[in-house]
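To start, the structure under review is shown below, and the notes come after it.
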Amino acid sequence: MKHLKTILAIWGGLVGIGLIVCITYYGYRLTLGNSTDNNSATKDDVRFVLNWCELGDERIQSVPHSYESPRSFTGDHFDAYEILTTNISIDELLNPEVWTRGDKLEGVKKEGVKLISMLSQLDNLEWFPGDKILLSSEIFVYSWSVLFHGERAIAAKMIFVKPSENKVFYASVKT
């Protein structure tokens, strides 16, 4: 009986310490450690974008603009990057299994673009192309994912290439 009290006291102390650590961590992440991050992304931070769509990260020259929103408790966020690259030719973007020209988008992909465009306007990202440009013939779109809840797109990860300017735009959104 004496050992049981000691064991329960130690267990209670460990649980208490764990609870304090969890509350402190999540409290920090939801307040001070959860802020908007503007224009601080580096080439290393955005390498995944060009590697996902198999254009190759060696093309990255700079990251003129970036935006990373705070995360909500459920993971809601909006992240966007503008990446300046070298030598992206239209010939590389003609594979219809990978790329779709903006003016040819339909269905799920088009809804993903609309969601991204709406949030870029709400967050006043003047450097991120609006839906008229994203849905035009000057942009090629690579869709990593678009998720729906019922009839409404609620999350999307998409890559947009504007070969005339050697620019790649990336957006990740969850609402």
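Nearest 0.05, what FRET efficiency do GLU97 and GLU58 give at R0 = 30 Å with Cβ-Cβ as r? Each step should come with its number before you reach the end.
Working: r = 23 Å, r/R0 = 0.78.
After rounding, the FRET efficiency stands at 0.80.
Where nothing but the Cβ of Lys and Arg (+1) and of Asp and Glu (-1) is charged, how large is the charge dipole of the stretch 123-175 around its Cα centre, in debye to the nearest 20? Mind showing how you got there, number by number?
Details: 6 positive and 6 negative charges, 34 e Å.
My answer is approximately 160 debye.
Give me the number: length gained by fully extending SER136 to ASN87, i.e. 0.36 nm times residue separation minus the C-alpha to C-alpha distance, one decimal in nm.
On the way: separation 49, 0.36 × 49 = 17.64 nm, distance 2.06 nm.
Length gained, SER136 through ASN87: 15.6 nm.
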task = Starting from one equal scatterer on each C-alpha and no solvent at all, send me the Debye-based log10 I(q)/I(0) for the stretch 1-141 at q = 0.08, 0.10, 0.11, 0.21 Å⁻¹, two decimals.
result = -0.38, -0.52, -0.58, -1.38
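Cα gyration tensor of the stretch 87-135, axes a ≥ b ≥ c as square roots of the eigenvalues: rounded (a/c below 1.5), prolate (a/b > b/c) or oblate? Spell out each step's value before the answer.
Numbers: a/c = 3.06, a/b = 1.56, b/c = 1.96.
Oblate, since a/c reaches 1.5 and b/c is not below a/b.
For the stretch 51-123, state the average projected area of the convex hull of the C-alpha atoms over all orientations, rounded to one decimal in nm².
Working: hull surface 25.9 nm².
Mean projected area of the Cα convex hull: 6.5 nm².
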request  = Label the stretch 91-175 by shape, choosing from rounded, prolate and oblate, from the square roots a ≥ b ≥ c of the eigenvalues of the Cα gyration tensor; if a/c is under 1.5 it is rounded, and otherwise prolate applies when a/b is larger than b/c, oblate when it is not.
outcome  = oblate
query = In percent, what relative contact order does the chain have, based on Cα pairs under 8 Å that are 6 or more apart in sequence?
reply = 20 percent
message = Whole angstrom only: what separates the Cα centroid of the stretch 1-25 from the Cα centroid of the stretch 71-117?
response = 49 Å
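What does the extension gain come out to for SER164 and ASN38, with contour length at 0.36 nm per residue minus their alpha carbon separation? Mind showing how you got there, number by number?
Working: separation 126, 0.36 × 126 = 45.36 nm, distance 2.55 nm.
Answer, rounded to one decimal: 42.8 nm.
How high is the FRET efficiency between GLU126 and THR24 when r is their beta carbon distance and R₀ equals 45 Å, given to the nearest 0.05?
Details: r = 38 Å, r/R0 = 0.83.
So the FRET efficiency works out to roughly 0.75.
Every read-out reported here was derived from the displayed coordinates using simple, explicitly stated rules and does not represent laboratory data. Computed from a prediction, not measured in an experiment: that's the story for all the values here. Backbone-built Cβ (ideal geometry, glycine too); neighbour counts: all protein chains shown.
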